[in-house]
Amino acid sequence: MIYLGADHGGYALKEEIKAYLTEQEIPFVDCGTDSKDSVDYAPIAQKTCLKLLADPDKSSRAVLCCGTGIGISMAANKIHGIRAACCSDYFAAKYTRLHNDANVLCLGGRVVGAGLACELVDVFLHTDFEGGRHQRRIDQIAALENGENLNKA
Ligand code: RB5
């Protein structure tokens with residue numbers, strides 16, 4: 001399942017992504033917002049990410065949109081278990097899956113056009129985590145969430 005969330009700055013792009021996912025027959029849940037009216041991005045990030053984390057299917061992902069993709073990614077990354085990547089190029093969207101096992105893609109509705117955004121969503125959804133040495137680094141990120149010291153002698 002793909003969980004979608006956006007503030008007003010990302011609303012139009014979210015609607016384009018919904019059309020793309022529908023065309024691709026990829027199921028999604030729209031967690032709002034539902035219009036271009038101004039709304040804060042942190043509650044949307046939280047609502048969307050908590051639905052993702054509650055999904056037992058570990059292949060589920062979320063896509064979050066705000067004006068830049070940055071604010072909503074900052075908010076998402078405060079949530080335990082979320083690895084959100086703000087991407088505006090194909091290489092980053094691909095490698096954040098391969099190397100970072102990102103579970104949330106963040107996009108800027110005022111940064112990327114709909115065509116590029118759908119390409120980014122596509123590669124993000126269809127690229128598997130490589131594991132290996134990258135798993136150790138993901139584990140270190142999880143340790144940071146738990147307040148562990150990664151630099152103890
Ligand atoms: C809203 O105007 C804008 O600040 C927001 O969508 C986002 O770009 C924040 O990072």
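The values are calculated or read from the model by the stated rules, or taken from the named source; none is laboratory data. On a predicted model such as this, the values are computed, not experimentally measured, just so you know. Neighbour counts run over all protein chains shown; Cβ positions are idealised from the backbone, glycine included.
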> Which condition does A62 not pass, out of (1) in a helix (DSSP H, G or I); (2) away from the ligand (no atom under 15 Å from the Cβ); (3) in contact with a Ser or Thr (Cβ under 8 Å, 6 or more places away or on another chain), if it passes all the others?
Replying inline: (1)
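Table: residues versus (1) over 20 Å from F28 (Cβ atoms); (2) in contact with a strand residue (DSSP E or B) (Cβ under 9 Å, 6 or more places away or on another chain); (3) not basic (K, R).
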| site | (1), (2), (3) |
| --- | --- |
| K94 | yes, no, no |
| N100 | yes, yes, yes |
| L107 | no, yes, yes |
| F124 | no, yes, yes |
>> Which of the numbered conditions does E23 fail, given that it passes all the others? Conditions: (1) more than 16 Å from the ligand (Cβ to nearest atom); (2) closer than 24 Å to N146 by Cβ; (3) free of Cβ contacts under 8 Å to residues at least 24 places away in the same chain.
In response: (2)
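Filter segment 106-135 for residues that are of a type in the set (A, V, I, L, M, F, W, C) and either within 16 Å of the ligand (Cβ to nearest atom) or in a loop (DSSP other than H, G, I, E, B) (or both) and give the result.
Taking segment 106-135 as the starting set, the residues that turn out to be of a type in the set (A, V, I, L, M, F, W, C) are 106-107, 111-112, 114, 116-118, 120-121, 123-125, 129.
Listed by number, the residues that qualify are C106, L107, V111, V112, A117, F129.
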> Would you say I82 is part of a helix (DSSP H, G or I), touching a residue at least 12 places away in the same chain (Cβ under 8 Å) and under 12 Å from the mean Cα position of the chain (by Cα)?
Replying inline: no
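Right, D34: over 16 Å from L116 (Cβ atoms), touching a strand residue (DSSP E or B) at 6+ places or on another chain (Cβ under 6 Å), at pLDDT 95 or above and not hydroxyl-bearing (S, T, Y) or not?
Values: over 16 Å from L116 (Cβ atoms): yes; touching a strand residue (DSSP E or B) at 6+ places or on another chain (Cβ under 6 Å): no; at pLDDT 95 or above: yes; not hydroxyl-bearing (S, T, Y): yes.
In short, no.
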>> So G147 passes all but one of these: (1) surrounded by 16 or more Cβ atoms within 10 Å (Cβ to Cβ); (2) part of a loop (DSSP other than H, G, I, E, B); (3) more than 16 Å from the ligand (Cβ to nearest atom). Which condition number does it fail?
In response: (1)
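If I filter segment 50-59 for residues that are part of a loop (DSSP other than H, G, I, E, B) and crowded, with 19+ Cβ neighbours inside 10 Å, do I get at least one hit? Break it down stepwise before answering.
Kept after step one, since they are part of a loop (DSSP other than H, G, I, E, B), are these residues of segment 50-59: 55-59.
With crowded, with 19+ Cβ neighbours inside 10 Å added as a condition, the list becomes none.
Checked segment 50-59: no residue is part of a loop (DSSP other than H, G, I, E, B) and crowded, with 19+ Cβ neighbours inside 10 Å.
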> Which one of these is within 11 Å of the ligand (Cβ to nearest atom) and at positive phi: G32, G69, G10?
Replying inline: G69
>> For segment 89-96, check the following and say yes or no: at least one residue is of a type in the set (V, I, T), within 10 Å of the ligand (Cβ to nearest atom) and either more than 15 Å from L120 (Cβ to Cβ) or touching a residue at least 12 places away in the same chain (Cβ under 8 Å) (or both).
In response: no
>> I'd like the full set of residues that are among the hydrophobic types (A, V, I, L, M, F, W, C), touching a helix residue (DSSP H, G or I) at 6+ places or on another chain (Cβ under 7 Å) and more than 15 Å from D128 (Cα to Cα), limited to segment 86-111.
In response: C86, C87, C106, L107
